[in-house]
Amino acid sequence: MKKFLIWFLPGLILGALFILGGGKAITATSTNDYCVSCHIHPKADASWKKSVHYETKSGIHIACVECHLPPKGQGYLWAKSTTGMRDLRSKWTKKAESFNFDARRNLEAANGYVYESSCVKCHENLFPSKLSKDGENAHLYYTQNREIKELRCINCHLNAGHLIEGYSHGSNSTFGSSSSAPKALFTEPSRVAEFKNFTENIPKSAVSFNMVAIPGGTFEMGSPASEPFRKEDEGPMKKVEISPFFMAEIEVTWDEYLIFYAQTATSERTADIKVVKEDAGSKVDAISGATPPYGQPDQNWGLGQRPAITMSYHSAETYCKWLSFVTGKKYRLPTEAEWEYADRAGTKTPYFFPGDPNKFERSGLKARFFKNDTTVINTFVLYRGNSSAKTQTPDKVKPNPFGLKNMAGNVAEFCSDYYAPEAYSFLTDGIKDPKGPASGTERVIRGGSFLDQANAVRSASRDFTKNDQWLRTDPQMPKSIWWYSDCFNVGFRVVCEYDQNTGKH
Amino acid sequence: MKETGISRRNFLGNATTVGLAGVVIPALFSNCADGQANKSVAIPDMLDQAPDGPVLKAGLIGCGGRGTGAIVQFLSAGPNLQVTALGDVFQDRLDTCRERIKKSKGQEVPLANCFVGFDAYQKVIDSGVDIVLLAAPPYFRPEHLAAAIQAGKHVFAEKPACVDPVGARSIMATSRKAEGKGLCIVAGTQRRHQRDYVATYQQVAQGLIGEIVGANAYWNGGKGWYIKDPDPKWSEMEYMIRTWSNWTWTCGDHIVEQHVHNIDVINWFTGKHPVKALAFGNRIRRTYGNQYDNFSTDFIFENGMHEHSMCRQINGTTNNISEFIQGTKGSTNCQNTIWDLKGNVIWKYEYPLDKQGKPTRTVAVDPYLQEHIDLVTAIRTGKVINEGENFAISTLCGIMGRVSAYSGKKVTWEEMMNSDLKLGPKVIAFGPVDIDKTVPLAGEAYIPEPKRPDSQKQI
């Protein structure tokens, strides 16, 4: 009965309001004061007052409902009723402290309560006089690609209604100039004489990172048809042999990545084209690195030991070439097989720790009604259930049996294989060190991320890059080959080759 | 081909030659650069004279032959039109232009409003004019148009719109800005203001040839102009600007500079534009400048339709400057005639009669004049016309063909829209011009060169 009341009372009250009060009720429940009376998130009102939508040139304050409801006649009443009911229910059943407001201050969440139709209703002229050159290119792209639904105003103007400290959507030439990394310099890379865990020192920097010796072996790649949440591309399962190699204990951190960026970055955008040409010739004696990013690559979550994100696959690959160049070793991205082998670390279960994906999952109807016990997964994985929708530092989780951290979750990781849904069916059973399809367009990404539910951080779960989609709001012409403007949950981890016969790596 | 007895009246009722009002036609300006159908816009009356109104003052930027012609035509478009400012990079060109305006229209531009130099355009814009005529070499157009619209001026802009993709996007964005400000942009693609073309367009838009399934665009003509004996005192920059139609960076090559007219007609009639181009071209007779003298381009539209475009600037070859469109029910030369599928003429444009009552082959109002009449009419009636985006699209189609021919590779519209290709030197100043002046060669050379049998004998 209580549930019934919670669901239907708001509707009843709203319905009564509409019938009795009509227009007056609608107006009364659409004022800023009325909104703020419930929406107590500490920053909503204050950040709005600091935003450009409050301090407008014409002196008009843009009210809550002008962005958070569609325009009248375009689903206004419907949205008002449905969101109103949802809000009332939350108000009555939940405590304010239980909301993670920070987790909702991102683009993905904002898409749920900012209406594109409302943006363009007021912003009729997308080409005002003062529009910058980058703005011209971006708005041209927007107007010429209206059929792309994901292309929304707030992709670039997320801070329009509520100020976000440090948010920028512009060329960011000073990015990474203040790294938190220690200052003492390594002059030499580490020497590795045997197949044992080692710490790599990046020369001309104070940054080092741990490499874990992964013994060779054989494993079953993919998942059985019986595994919960299994997708078609995870099979058929194949027996795969993997040679020994070293794998980084953690995902490449900002500290590590920014050394590469500082030592190789170039401001000349034409260099992009040169690099592509050099790559085609495959002889690399000096590495040209990334051009300045567009926007804030770390999403203002901080640098340091958090995994580096938003760099393109090309950047990650170039990073490995650079790292090989400065250390004299053979660093590269893992193959998909190496990745899964290292992640499983001998386990055959859905995760490298015990547990049933069904019991960890929080999405779907079932999960809503049964409170799942997520204690185990919480200790090993940063995923949607515990990440606050951000990357986190590696000390937040326990390692897998090989000693690798964040194989599942935190950020998804690039593998060197081209992605093909049917890739495993081309593998012969018992194949040694497979490298994936010979050609393709998108690369495999593995491990799931802080955005994913429990189902997508399973050991066998596969995903892939979406190059065009991830560059959608980069207004530069041509778009950057170094930074994704619209992907912030993918990073990478390096592996170092080990030659069994000679002991060289 | 046998003419049938069907006259255009069967299709247009009692409409008169001039009475093109009220017909909704697409493509005066377009929202879409992705090959989709354009917005429908009613074209205004094509009047013989622009209506009277308060004085409109014009400034001319680029006082060469075309600029001088354009300003004289502007002054002839209606009552109360004045030219009050001139700008050019060369004093002698400006003086000649000023003299010709005085002779033919009796207007004397005050010397204080005559500006010389690379910044002259801004001074003309800031001199208190209402309209700016842009007739400098195409390289400068995007910058000039942006400055004019920024300052709130109506614009007549000569074609082509630009020489590279960066310029094309700039023109597109500036056109949107003009739209927001209610400013007019009329482009020098004057076929859209040529009454026989417009009447033919109406027939095609109403379905007389059915669905359009193929098209051809031609500008096969003689060699272009050049300066035989350049003054040895000229710097390289001066030489290049004075011979601007011979250099790719200043004019875009002739597939852009000249052939844009025909490409634009096909875009206009189809309401779309090609999304791919595979072209070849080369330089077999030209001896000056660095551009090609012939191009042949296979343009492909979104729906798979092909448009063949040819352009050539070589003397002593067969000339043909025209367009042709094939539909499912008939075909047209886009200018004045429509045939059925058997080749019978089913519609013909009725040209006005001369004083002796004999039919002529020319429209009543010269299109180069008509475009200015239409511009002044639009300003004075408040019915804004904005051709900026369309002429940027047509120009970019030409550029797409050029890039394909120079590179020997297929080029897509998407690549063009994402390209950062910008021609010209980094600094615009008199002196040496620091750019690659070599003529592009597509593909790879034959290596090693084959030995000829006769040369082997000599060894």
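The values are calculated or read from the model by the stated rules, or taken from the named source; none is laboratory data. In this text the structure is predicted, and so the values were computed from the model without any measurement. Virtual Cβ from ideal backbone geometry, glycine too; neighbours counted across all protein chains shown. Protein only, heavy atoms only, side chains kept; ligands, DNA and RNA dropped before computing areas. Shrake-Rupley method; radii C 1.70, N 1.55, O 1.52, S 1.80 Å.
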Q: Return the Cα extents of segment B:173-302 along principal axes one, two and three, sorted largest first, each rounded to a whole Å.
A: 57, 41, 28
**Q.** Extent along principal axes [Cα atoms of segment B:208-266; Å; largest to smallest]
**A.** 59, 20, 13
Q) When the Cα atoms of chain B are enclosed in a convex hull and the volume is divided per residue, what value in Å³ results? A) 189 Å³
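Given +1 on the Cβ of Lys and Arg, -1 on the Cβ of Asp and Glu, and no further charges, what dipole in debye does chain B carry about its Cα centre, rounded to the nearest 20? Write out the running numbers ahead of the final one.
Working: 50 positive and 47 negative charges, 149 e Å.
Taking the Cα centre of chain B as origin, the dipole is about 720 debye.
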Q | DSSP bridge pairs, the protein assembly as shown: antiparallel proportion in percent, nearest 5 | A | 65 percent
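If you scale each eigenvalue of the Cα gyration tensor by 5 and take the root, what three semi-axes come out for segment B:278-418, rounded to whole angstrom and sorted largest first? If you can, show how the numbers build up before the last one.
On the way: eigenvalues 200, 103, 76 Å².
Semi-axes from the Cα gyration tensor: 32, 23, 20 Å.
Find the lysine pairs in segment A:81-220 meeting two conditions, Cα atoms under 27 Å apart and a separation of 8 or more places or different chains, and report how many there are.
Values: A:LYS121/A:LYS130; A:LYS121/A:LYS133; A:LYS121/A:LYS149; A:LYS130/A:LYS149; A:LYS133/A:LYS149; A:LYS183/A:LYS204; A:LYS196/A:LYS204.
Step by step, the pairs that qualify in segment A:81-220 add up to 7.
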Q | Buried solvent-accessible surface, both chains (A, B), 1.4 Å probe, Å² to nearest 100 | A | 1500 Å²
Q) Between Rg and the Kirkwood Rh of the protein assembly as shown, both from Cα atoms, what is the Rg to Rh ratio? A) 1.03
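Given 0.36 nm per residue, what is the gain on full extension from A:ALA109 to A:LEU185 after removing their alpha carbon distance, in nm?
23.2 nm
Can you order the peptides B:251-264, B:149-162, A:377-390 by their average number of other Cβ atoms within 10 Å per residue, highest first? List each step's numbers first, then the result.
Details: B:251-264: 28.3, B:149-162: 24.9, A:377-390: 20.5.
My ranking of the peptides, most packed first, is B:251-264, B:149-162, A:377-390.
So for segment B:354-459, what are the equivalent ellipsoid semi-axes in whole Å, largest first, each being the square root of 5 times an eigenvalue of the Cα gyration tensor? Write down the numbers at each step before the final one.
Working: eigenvalues 452, 133, 56 Å².
Ellipsoid half-lengths, sorted descending, are 48, 26, 17 Å.
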Q) Among A:THR473, B:GLY424, A:HIS39, which residue has its Cα positioned farthest towards the positive end of the charge dipole of the protein assembly as shown, with +1 placed on the Cβ of Lys and Arg, -1 on the Cβ of Asp and Glu, and the dipole taken about the Cα centre? A) A:HIS39
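For segment A:376-448, what is the charge dipole size about the Cα centre, in debye to the nearest 20, if Lys and Arg each add +1 at the Cβ and Asp and Glu each add -1 at the Cβ? Present the calculation step by step, with values, prior to reporting the outcome.
Details: 9 positive and 7 negative charges, 78 e Å.
Dipole of segment A:376-448, to the nearest 20 debye: 380 debye.
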Q: Take every DSSP beta bridge whose two residues both sit in segment A:380-505, then give the antiparallel share in percent to the nearest 5.
A: 65 percent
Q) Under a Cβ-Cβ limit of 4.7 Å, which cysteines in chain A have nobody to pair with? A) A:CYS38, A:CYS67, A:CYS122, A:CYS156, A:CYS320, A:CYS415, A:CYS487, A:CYS496
Q | Set of aspartates and glutamates near A:LYS348 by C-alpha distance (under 13 Å), chain-local residues within fewer than 8 positions excluded | A | A:GLU220, A:GLU227, A:GLU340, A:ASP356
(Q) At 20 °C and a viscosity of 1.002 mPa s, what translational diffusion coefficient does Stokes-Einstein give for segment A:368-476, taking Rh as the Kirkwood radius over Cα pairs? Give it in µm²/s as a whole number. (A) 136 µm²/s
Q: Kindly state, to the nearest 0.05, the FRET efficiency for A:GLU97 paired with B:VAL427, given R0 = 56 Å and r defined as their beta-carbon distance.
A: 0.35
Q.
Using a 1.4 Å probe on the protein heavy atoms, what percent of the accessible area of chain A belongs to carbon and sulfur?
A. 56 percent
Q.
Charges on Cβ only, +1 for Lys and Arg, -1 for Asp and Glu, centred on the Cα centroid of the protein assembly as shown; of A:CYS487, B:GLY224, B:SER175, which one is farthest towards the dipole's positive end?
A. B:SER175
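Which FRET efficiency, nearest 0.05, do B:ASP48 and B:ALA442 yield, Cβ-Cβ r, R0 35 Å? Please list the in-between numbers first.
Numbers: r = 48 Å, r/R0 = 1.38.
Taking R0 as 35 Å, the efficiency between B:ASP48 and B:ALA442 is 0.10.
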**Q.** Spin-label proximity, A:HIS123 to segment B:174-189 - amide N less than 20 Å from point 7 Å beyond Cα toward beta carbon
**A.** B:174-182
Q) Considering protein heavy atoms only and a 1.4 Å probe radius, which residues within segment A:120-142 exhibit an accessible-area decrease of no less than 40 Å² in the full assembly relative to the chain by itself? A) A:PHE127, A:SER129, A:GLU136, A:LEU140
Q | Portion, in percent, of the accessible area of segment B:187-304 that falls on carbon or sulfur, probe 1.4 Å | A | 49 percent
Q: For A:THR218 and A:THR27, calculate 0.36 nm times their separation in residues minus their Cα-Cα distance, and state this gained length in nm to one decimal.
A: 62.0 nm
**Q.** Percentage of interatomic Cα-Cα distances in chain A larger than 40 Å
**A.** 30 percent
Q. Sorted by average packing, counted as other Cβ atoms within 10 angstrom per residue and highest first, what order do B:119-128, A:128-137 take?
A. B:119-128, A:128-137
Q: Specify which residue in the list B:LEU111, B:GLN82, B:GLY67 is farthest towards the positive end of the charge dipole of segment B:44-113, using unit charges on the beta carbon of Lys, Arg (+1) and Asp, Glu (-1), about the Cα centre.
A: B:LEU111
Q: Sort out for me the Cα centre separation of segment B:212-242 from segment A:151-177, rounded to whole Å.
A: 46 Å
Q) Once you charge only the Cβ atoms, +1 for Lys and Arg and -1 for Asp and Glu, what is the size of the charge dipole of the protein assembly as shown about its Cα centre, to the nearest 20 debye? A) 1520 debye
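As an exercise, use a Förster radius of 41 Å and the Cβ-Cβ distance of A:ALA262 and B:ASP126 to find the FRET efficiency, rounded to the nearest 0.05. Write out the running numbers ahead of the final one.
Numbers: r = 45 Å, r/R0 = 1.10.
After rounding to 0.05, the efficiency reads 0.35.
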Q. How far apart, in nm, are two points set 7 Å out from the Cα along the Cα-to-Cβ line at A:ALA206 and at B:ARG361?
A. 8.5 nm
